[in-house]
Every structure is written in structure tokens, then in C-alpha cells.
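A quick write-up on the structure given underneath.
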Amino acid sequence: MRIHHLNCATLCPIGGRLVSGSGGLTSRTRMVCHCLLIETARGLVLVDSGLGLRDVETPAHTIGREFAFLMNAKLDPAETALHQVRALGYSPDEVRNIVLTHLDLDHAGGIADFPKAKVHLHAVEREAALQRKTRLERQRYKSEHWAHGPDWAVYQAGGERWFGFECVRDLSGLPPEILLIPLFGHTRGHSGIAVDTGKGWLLHAGDAYFYHGELDPDRRRCPPLIDVFQRIMEIDGRARVRNQERLRDLARENSGEVRIFSAHDPVEYDRFAEKESSAEAGVYAAK
Ligand SMILES: [Zn+2]
């Protein structure tokens, strides 16, 4: 199984160290939308999808001008999963499955670019996005992203646990190495996606946390604006905080077996992307 780490949208909100932990208060920061493209024997699997082509070309019609403005989104078509899949030499039709941490606009925008793909997620999350009960949910979920009527596959957790976490195994039509791990709190059905790489596990923790320092077992830290932001965006604060504690424990106790990353932290993303490009350089050097 080959795994590519993709950044499927760059966001550059102002705020310096209040957002990123360093820099002047009026300086722009950098956030990513960290997605995975997994080459499997059953086709390509995308984990999270970032912003889609329509989002970057006509944001007012989908994600809204406010989001694009406040987050100072780069809106570059070349960053969409669609363009990056093509740049890797694949046809978009080869992306047969998309597994989502949740349906927030910056995670689900790309699903519209792969209308033939099956979209996997927690049942509670799809329900929340279709119902959009609260004001916050009406802002965060954009029905334009699923106007094409995706082939949904929804799940409830059950069965054998994963490192003590409830999980969903054997996602429909996917290899057994890909699991859904409920991490509720940020949204009602928010989940992480665990992938057995054959050389240890990767856990895409979505928006369960936003800053790499949150998982530091010795000195947990989070820049103040990011902390405010995660509180504003939470649907269940107690569950969110509890799940962050559990992720911290997982990181502390199983660091050799599980590598965890969140959706928007550029430090974590760069670590993986650099490793991937140096591994590729190694492949080319060996040829
Ligand atoms: Zn997000």
C-alpha cells in the first residue's frame, strides 16, 4: 500500500503566534488541509478531500466569501485533490472510495470532484450534516458538496477495539487496513481514520485537535486563538476534551506503533510530506 500525503487547501489566517505559536500578531500563518491518497489493490482511496474545484473557483457559491476571507484561503486549483490525483498520473475515476473524518466544508469540498466514488463516514455525521440543526451546523455544512448524490456508506462502531478505541472495521469494499475511529466532539460524528501501513499505524485525527503541541506528552500546549477556535467550533466540548486526552495517551504509550496527525497542522504535514519526498528520491536513486 503506497500512501501519499496531500495538502488539499492552504489557509493563511492572520494572527502570528496566537495561531501558529510564532511570528508577529499581524503576520499571516499557514494551515493545511492534510489528506491521504492511498494506492490499494482495490483502487485509490482518498482520506478527507479538502476544498474542491468549485470551492476555489467560485467560493461564493459553495464555501462562502466569509470563510474564504477570514481564513485567507489560497484558493489554488492545483491544490485540489482532483488536480493532484491527475498530477500523479491517475484518472479521477480511479478514486473509487473516499473516507471522511467529518463533513465540514474544508474536509468534504473535494467529494464533488469524484462523483463516482463511494463516500464512507460515521452515520451520526451524515445525519448531522443532512439535518443541520443548529446555526453553527448550518454554517459549517454545505449541501452543495453533496448535491451530486454520493453513494454513501455509513457506519456505527462495534466489534474488536483498536488500541482501546471503539472502531469500525471492514469498511464496505475497502481493504481491512483502513479503520474508522469515532472521535466525537468537534462535530457530532467526527472520526479519525486509522491506516495500517505495514510499518506501523497512521491515524488521521481530523479536527480532533489543531496544533501539534496538543499531543506533546510532556508539555501540552496550544496557541490561544486556535484554542478559542476549537471551542467555538465544538458541538460537544466534554467529548472533544476527553478525546484529546485519549489521543495524548495513545501518543505517549504507543509512539512506536502509531503516528498521529491532525488535518490542519503544517508542522505535522511537512514532516510526512518531506519523508515521502525523500523516500521517493531514494526510489529514483536506486533505479
Ligand atoms: Zn477542518
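What the table shows:
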quantity	calculated
Nearest-10 value in Å² for the accessible area of residue 8, using the 1.4 Å probe	0
Which of 172, 262 is most accessible, then next, and so on - probe 1.4 Å	172, 262
The chain: antiparallel DSSP beta bridges as a percent of all, rounded to 5	60
Lys pairs under 20 Å by Cα in the chain, provided they are eight or more residues apart or on distinct chains	6
Surface share of carbon and sulfur [accessible, 1.4 angstrom probe, percent] for the chain	50
Extension reserve of the residue 26-residue 276 stretch, reckoned as 0.36 nm per residue once the Cα distance is removed	86.7 nm
Calculated FRET value between residue 151 and residue 74, using beta carbons and R₀ = 30 Å, to 0.05	0.50
Mean Cα-pair separation over length for the stretch 152-212, i.e. relative contact order, pairs under 8 Å, 6 or more apart, %	20
Chymotrypsin sites (Phe, Trp or Tyr not before Pro) restricted to the stretch 79-150 and DSSP loop, no more than 16 other C-beta within 10 Å	90
Label-to-label distance, nm, for residues given as residue 172 and residue 134 (7 Å Cα→Cβ offset)	2.9
Packing rank of 158-166, 263-271, 71-79, where each peptide gets the mean count of other beta carbons within 10 Å, highest leading	263-271, 71-79, 158-166
Prolate/oblate/rounded label for the chain (Cα gyration tensor, a/c 1.5)	rounded
Whole-number percent relative contact order across the chain, with pairs defined as alpha carbons under 8 Å at least 6 apart	17
Percent of Cα pairs exceeding the 25 Å cut-off, where the set is the stretch 187-287	25
Spin-label pair residue 86/residue 236, simplified geometry with 7 Å Cα→Cβ offset, distance in nm	4.1
Accessible solvent surface per residue of the chain, calculated while the other protein chains remain in place, 1.4 angstrom probe, Å²	44
Amide H contacts under 5 Å for residue 258, placed H, 5+ residues apart	201
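The values are calculated or read from the model by the stated rules, or taken from the named source; none is laboratory data. Note that the structure is predicted; figures quoted are calculated from it, not measured. FYI the Cβ positions are ideal-geometry reconstructions off the backbone, even for glycines, and counts take in every protein chain you see. Accessible surface is based on the protein model in full, side chains and every heavy atom, while ligands, DNA and RNA are left aside. Shrake-Rupley method; radii C 1.70, N 1.55, O 1.52, S 1.80 Å.
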